[in-house]
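Structure first, commentary second.
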Amino acid sequence: MQALAITTTVFFLYLAMSLFEAFILGIIQGITEFLPISSSGHLALFRALFNNDLEAGITFEIVVHFGSFCSIVLYYRKRLGGILVDFFKSLSPSALKQQRFKTDPNTQLSLFIILSMIPAMLVGFTLKDTIESLFDSPVFVSAMLLITGLILYSTKLVSQHTKEMSAGRGFLMGIAQALAIIPGISRAGSTISTGLLLGVKRDTAANFSFLMVLPVLAGAMILAFKDLFEMGVENIQVAVLLIGFFSSFVVGYACLAYLMKLLKRDKFHYFAFYCWIVGTIGIIYFW
């Protein structure tokens with residue numbers, strides 16, 4: 001009986017630790033996915049620092065990213081509805097004859113988003129294994145945070161932001177999104193910075209950055225969930241996954257709203273200092 005009691009106590013302590021880890025990692029994902037400081041880089045450094053091997057493994061990463069996905073959908077729910085309705089309307093024979101895709105803003109935006117997906121899809125399918133191996137090198141990840149800092153600080157070079165989104169600018173932001181697959185390179189940071197360096201309006205660049213990632217996240221998660229259902233999830237993992245999802249979702253929504261306000265105050269480049277500090281400490285510690 002004493003052995004059973006000890007075993008039961010250890011089990012619940014382990015479960016509590018897993019739930020706490022899930023809660024913390026979900027918060028980290030929620031903050032770093034939307035603030036321009038690299039979610040992949042922070043999760044990689046966190047695991048290296050604490051030698052973390054969460055019970056849910058890669059499944060957990062899928063779920064917390066799904067939390068971020070839901071945050072974006074909720075924040076842009078009205079605009080997304082309008083974009084989808086106008087896009088499908090533009091596919092009707094009469095709309096095609098009138099070439100509505102050339103005049104309707106929402107239809108044009110949806111086409112720009114589709115165009116921006118191409119670089120990320122090419123990089124994801126061709127370099128997937130190579131990029132995944134980079135997550136095992138915390139020194140490399142830390143160095144990439146320094147690069148992210150340079151990218152963010154470079155936005156001070158352009159003071160005028162008056163341009164609207166175009167196919168060319170959308171594609172260049174898509175290239176930035178593809179490069180951000182590298183751990184330590186912030187997706188939000190690199191895409192928004194690219195838009196700002198091209199002179200795009202601040203809110204337009206930020207809105208496009210988060211709208212353009214939705215199809216990429218959706219496609220990646222569909223493939224990931226397919227593999228997940230084939231492998232199955234143990235009952236012990238369900239609570240861990242739910243904690244990770246909700247903490248990522250709630251914190252992510254708050255951080256997205258905060259970032260949009262911060263951009264209007266021209267303080268986007270301030271995050272460069274944070275990336276430089278974390279990157280420098282990471283290189284020194286893990287070298």
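The values are calculated or read from the model by the stated rules, or taken from the named source; none is laboratory data. The shown structure was predicted, so the numbers you read here are calculated from the model rather than taken from an experiment. Quick reminder, even Gly has a Cβ in these numbers, built from the backbone with ideal geometry, and neighbours come from all protein chains shown.
Restricting attention to the stretch 153-176 and to residues that are surrounded by 15 or more Cβ atoms within 10 Å (Cβ to Cβ) and small (Gly, Ala, Ser), the residue that is nearest to SER116 (Cα to Cα) turns out to be GLY174.
All conditions but one from (1) modelled with pLDDT under 95; (2) surrounded by 22 or more Cβ atoms within 10 Å (Cβ to Cβ); (3) in contact with an Asp or Glu (Cβ under 8 Å, 6 or more places away or on another chain) apply to ILE236; the one that does not is (2). A count restricted to the stretch 254-265 and to residues that are in contact (Cβ under 8 Å) with a residue 12 or more places away in the chain, out of contact with any Gly (no Cβ under 8 Å at 6 or more places or on another chain) and either crowded, with 16+ Cβ neighbours inside 10 Å or farther than 20 Å from ILE27 by Cα (or both) stands at 5. Selection of helices (runs of 4 or more DSSP H) fully inside the stretch 1-117 by the criterion of at least 1 residues being closer than 29 Å to TRP276 by Cα and modelled with pLDDT under 80 returns 39-50, 58-75.
Filter the stretch 147-179 for residues that are among the charged types (D, E, K, R) and part of a helix (DSSP H, G or I); which is nearest to SER209 (Cα to Cα)? Per the criteria, the residue is ARG169.
For GLN99, the conditions (1) on the phi > 0 side of the Ramachandran plot; (2) in contact with a helix residue (DSSP H, G or I) (Cβ under 6 Å, 6 or more places away or on another chain) are fulfilled apart from (2).
For residues that are aromatic (Phe, Trp, Tyr) and farther than 22 Å from ALA167 by Cα, tally how many sit in the stretch 90-137. Going through the stretch 90-137 one residue at a time, the tally reaches 2.
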